[in-house]
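Participant: Questions regarding the structure given below will be posed in turn.
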């Protein structure tokens with residue numbers, strides 16, 4: 001067993017603009033200081049994470065809201081999401097569910113995992129090796145614009 005995973009928070013959802021155009025990113029803040037982990041994601045997932053951060057409930061359930069309602073119906077609790085590896089620039093993550101004292105682990109995309117963990121107030125954990133190789137100073141990330149600002153909201 002290695003070191004314990006690092007608990008992170010979602011700093012925000014941004015549009016990262018650069019020479020190749022714009023790409024949505026969710027920024028995870030690490031416990032101490034200005035270090036963070038940027039994860040580039042799809043626009044739809046970025047909007048879903050933004051909605052969860054702002055506690056905005058759409059009039060009809062979108063995919064992540066539907067998933068949470070489904071879990072509630074069956075007494076399933078999302079305990080935590082773990083980003084456990086980074087391979088060729090792709091992050092891999094797992095959702096850890098509890099139902100009647102049974103624990104279940106499911107593979108997921110980090111963007112979906114973050115959208116769900118925010119809705120369920122579940123812990124967001126990152127493997128220490130992933131933290132080591134992917135954390136950057138927030139100040140060093142250039143061209144970030146808040147998603148709402150970018151979308152003109």
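The values are calculated or read from the model by the stated rules, or taken from the named source; none is laboratory data. Everything quoted here is computed from the prediction, not taken from an experiment. In this analysis, Cβ positions are derived from the backbone assuming ideal geometry, glycine residues included, and neighbour counts consider all displayed protein chains.
Results for (1) closer than 21 Å to residue 150 by Cα; (2) at pLDDT 95 or above; (3) touching a helix residue (DSSP H, G or I) at 6+ places or on another chain (Cβ under 8 Å), shown as yes or no for each residue.
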{"position": "58", "(1), (2), (3)": "yes, no, yes"}
{"position": "68", "(1), (2), (3)": "no, yes, yes"}
{"position": "77", "(1), (2), (3)": "no, yes, yes"}
{"position": "82", "(1), (2), (3)": "no, yes, no"}
{"position": "88", "(1), (2), (3)": "no, no, no"}
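Participant: For the stretch 135-153, enumerate the residues that are in a helix (DSSP H, G or I) and out of contact with any helix residue (DSSP H, G or I) (no Cβ under 9 Å at 6 or more places or on another chain). Give the derivation first.
Facilitator: Residues of the stretch 135-153 that are in a helix (DSSP H, G or I), as a first pass: 138-140, 147-151.
138, 139, 140, 149, 150 - these are the residues of the stretch 135-153 that are in a helix (DSSP H, G or I) and out of contact with any helix residue (DSSP H, G or I) (no Cβ under 9 Å at 6 or more places or on another chain).
Participant: Would you mind stating whether residue 16 is farther than 19 Å from residue 90 by Cβ, modelled with pLDDT under 95, surrounded by fewer than 20 Cβ atoms within 10 Å (Cβ to Cβ) and in contact with a strand residue (DSSP E or B) (Cβ under 6 Å, 6 or more places away or on another chain)? Steps first, answer last, please.
Facilitator: On the way: farther than 19 Å from residue 90 by Cβ: no; modelled with pLDDT under 95: yes; surrounded by fewer than 20 Cβ atoms within 10 Å (Cβ to Cβ): yes; in contact with a strand residue (DSSP E or B) (Cβ under 6 Å, 6 or more places away or on another chain): yes.
No.
Participant: Looking at the stretch 115-124, is at least one residue surrounded by 20 or more Cβ atoms within 10 Å (Cβ to Cβ), in contact (Cβ under 8 Å) with a residue 60 or more places away in the chain, under 12 Å from the mean Cα position of the chain (by Cα) and part of a strand (DSSP E or B)?
Facilitator: yes
Participant: Tell me which residues, restricted to the stretch 93-114, are part of a loop (DSSP other than H, G, I, E, B) and at pLDDT 95 or above.
Facilitator: Step one: of the stretch 93-114, the residues part of a loop (DSSP other than H, G, I, E, B) are 100-101, 109.
Across the stretch 93-114, the qualifying residue is only 109.
Participant: Can you pull out the residues in the stretch 60-76 that are surrounded by 13 or more Cβ atoms within 10 Å (Cβ to Cβ) and touching a strand residue (DSSP E or B) at 6+ places or on another chain (Cβ under 9 Å)?
Facilitator: Correct list: 68, 71, 76.
Participant: Any residue at all in the stretch 10-27 that's in a helix (DSSP H, G or I) and either at negative phi or more than 18 Å from the chain's Cα centre (by Cα) (or both)? Please lay out each step first, then the result.
Facilitator: Of the stretch 10-27, the ones in a helix (DSSP H, G or I) are none.
No: zero hits.
Participant: For the stretch 33-92, which residues satisfy the criterion of being free of Cβ contacts under 8 Å to residues at least 40 places away in the same chain and in a strand (DSSP E or B)?
Facilitator: Passing the criteria: 40, 87, 90, 92.
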